[in-house]
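Single-structure report; data block below.
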2 protein chains.
Amino acid sequence: MEPIDFQTLLEFFKVMANESRLKMVGILAQRQCSVEELAALLSLKEPTISHHLAKLKELNLVQMQPEGNQHLYRLDSEALQALNKAVLTANPAASMAQGVTDDAWETKVLKSYFEEGRLTQIPASHRKRWVILKWLARQFEIGTLYPEKQVNEILQRYHFDSATLRREFISYQMMQRENGVYWREPEERWKAV
Amino acid sequence: MEPIDFQTLLEFFKVMANESRLKMVGILAQRQCSVEELAALLSLKEPTISHHLAKLKELNLVQMQPEGNQHLYRLDSEALQALNKAVLTANPAASMAQGVTDDAWETKVLKSYFEEGRLTQIPASHRKRWVILKWLARQFEIGTLYPEKQVNEILQRYHFDSATLRREFISYQMMQRENGVYWREPEERWKAV
DNA sequence: ATTCTACTTCGATATTCATCTAATTAGAAT
DNA sequence: ATTCTAATTAGATGAATATCGAAGTAGAAT
């Protein structure tokens, strides 16, 4: 299956998202038609039909064959099926690959809670607290053992209430503790509550 | 597979045919998000996001779950997949079942070539000639044997050049001939040339 | 009780796009 | 050659809708 890119996907939906064009696709799926014929069937003028056919053609959804004076259009069902299938699989993935990847929101949250390098307060909302704690936890190295005193020192660079933050680290499983010694867990073990 | 009706199909395409909404679907396919979050990710204002979410909700493509102050939205992937599959199969059929069934064009052709019950001329274009001949052939009964003389008589009610029309009947296989006697073939044997 | 926060609803604006008429092109018939 | 027919292109108009700011609502924090 060909990976379908975001723009193509969007164009496909745009082309299909029109009553007249959708009907045309339905008609052409059954038999080929001239422009005049489609105009009669849909009660539209020829230029309008031409306009729609042009859009269908851009995605190779229809093929044209001249016959005498007229242009006979038929649906390329394979193209349609291919697109549909691609949509089915690619939909969630492709649209993301598109560049909305970086988490603008987390950045925004961080900015809004830090001032001159210090945490102004601990967010009340779960999800925001999670963002802040992730950032804080990353200030600790993996593989290092930190005595509680040192954990407090580091945390107090950012906020006076190191005790609360320490407790949160434990409950989110960002850190483990044993005999008053702490160490950071790898991120895949962190648990958003 | 549930047969999908034309209007639903159209609505589905309309909902997906928007850059912001398509991106939202992509994002929500991966994780649930608050409105604020989506706004940050897409660089849009909250009201705009709400607006789009409402449209997605109409098709049951997203589900909402309140968490504290915020509304967490997630994609209903099953609904999306179901719709997509329905599209795949129903597309050609459903859109036709929709009422564009009767062939307005053929009617138009007939009207334009008949005047006071008589054929003004035999169309030059293949496709139009085909329409006219179909109509003429239906003036003959199936199962009846017509001597050539009678075929001519009947045809001349509509046009002076019965000879040409007779020949066309044969070449389109609308009628068969043997020993100067003609009979009409059932329509499924007619051959548009 | 009051304030804050996140979301929604409302009303206004601007853009996109479907459709039409008129003009143009290309091919067929006379 | 000229006329006719079918299709396309161009330009104009109107309808649909994406987006925003402002106002309203409901829940959470203080």
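Throughout, read-outs are computed from the coordinates displayed, never taken from laboratory work. Everything numeric in this text was worked out from a predicted model, so none of it was measured. As a convention, Cβ positions derive from the backbone with ideal geometry for all residues, glycine included, and neighbour counts pool all protein chains shown.
Going by the rotation axis that takes chain A to chain B, pick out the residue of A with the closest C-beta and quote the gap in whole Å.
Looking at chain A's Cβ atoms against the axis toward B, the nearest is A:A17, 2.
Taking amide hydrogens as modeled 1.01 Å from N in the peptide plane, which residues meet the under 5 Å criterion relative to A:Y182, leaving out close sequence neighbours?
Amide H neighbours of A:Y182, under 5 Å, 5+ apart: A:Y146, A:E148.
Considering only the other residues whose Cβ falls under 11 Å of the Cβ of A:Q7, what net charge follows from Lys and Arg at +1 and Asp and Glu at -1?
With Lys, Arg at +1 and Asp, Glu at -1, the net is -2.
Mind listing the phi-derived Karplus ³J(HN,Hα) values for the stretch B:35-46, rounded to whole Hz, using 6.51, -1.76 and 1.60 with θ = phi - 60°, and x for any glycine or proline?
4, 4, 4, 4, 4, 5, 4, 9, 6, 10, 7, 4
Among B:A104, B:Q156, B:T48, flag the residue with its Cα farthest along the positive direction of the charge dipole of the protein assembly as shown, charges on Cβ as +1 for Lys/Arg and -1 for Asp/Glu.
B:T48
In sequence order, what are the phi-derived ³J(HN,Hα) couplings for the stretch A:64-81 according to the Karplus relation 6.51 cos²θ - 1.76 cosθ + 1.60 with θ = phi - 60°, rounded to whole Hz, with x for glycine and proline?
The phi angles translate into 10, 9, x, 9, x, 7, 9, 9, 9, 9, 9, 7, 8, 4, 4, 4, 4, 4 Hz.
Count the net charge of all other residues whose Cβ sits under 13 Å from the Cβ of B:E58, scoring Lys and Arg as +1 and Asp and Glu as -1.
+2
Based on a Kirkwood Rh over C-alpha pairs, give the Stokes-Einstein translational diffusion coefficient of the protein assembly as shown at 25 °C and viscosity 0.890 mPa s in µm²/s.
93
Which listed residue (A:L59, A:L119, B:G26) has the Cα farthest towards the positive end of the charge dipole for the protein assembly as shown, taking +1 on Lys and Arg C-beta and -1 on Asp and Glu C-beta about the Cα centre?
Farthest towards the positive pole: A:L119.
State the extension gain, in nm to one decimal, for the chain segment bounded by B:T48 and B:T164, taking 0.36 nm per residue of separation less the distance between their alpha-carbons. Spell out each step's value before the answer.
Numbers: separation 116, 0.36 × 116 = 41.76 nm, distance 6.69 nm.
Here the answer is 35.1 nm.
What net charge is computed for the residues neighbouring B:A29, neighbours being all others with C-beta under 14 Å from the C-beta of B:A29, Lys and Arg scored +1, Asp and Glu -1?
Result for the local shell: +2.
Tabulate in residue order the Karplus-calculated ³J(HN,Hα) for the stretch A:8-15, using 6.51 cos²θ - 1.76 cosθ + 1.60 with θ = phi - 60°, rounded to whole Hz; enter x for Gly and Pro.
4, 4, 4, 4, 4, 4, 4, 5
Applying 1/(1 + (r/R0)^6) with R0 = 30 Å to the Cβ-Cβ distance of A:A29 and A:N69, what FRET efficiency is obtained, to the nearest 0.05?
On the way: r = 25 Å, r/R0 = 0.82.
Plugging the Cβ-Cβ distance into 1/(1 + (r/R0)^6) gives 0.75.
When each copy gets a label point 7 Å from Cα toward the beta-carbon at B:S171, what are the spacings between them in nm, shortest first?
8.9
Taking the Cα centre as origin and putting +1 on Lys and Arg beta-carbons and -1 on Asp and Glu beta-carbons, what dipole magnitude results for the stretch B:104-189, to the nearest 20 debye?
About 260 debye.
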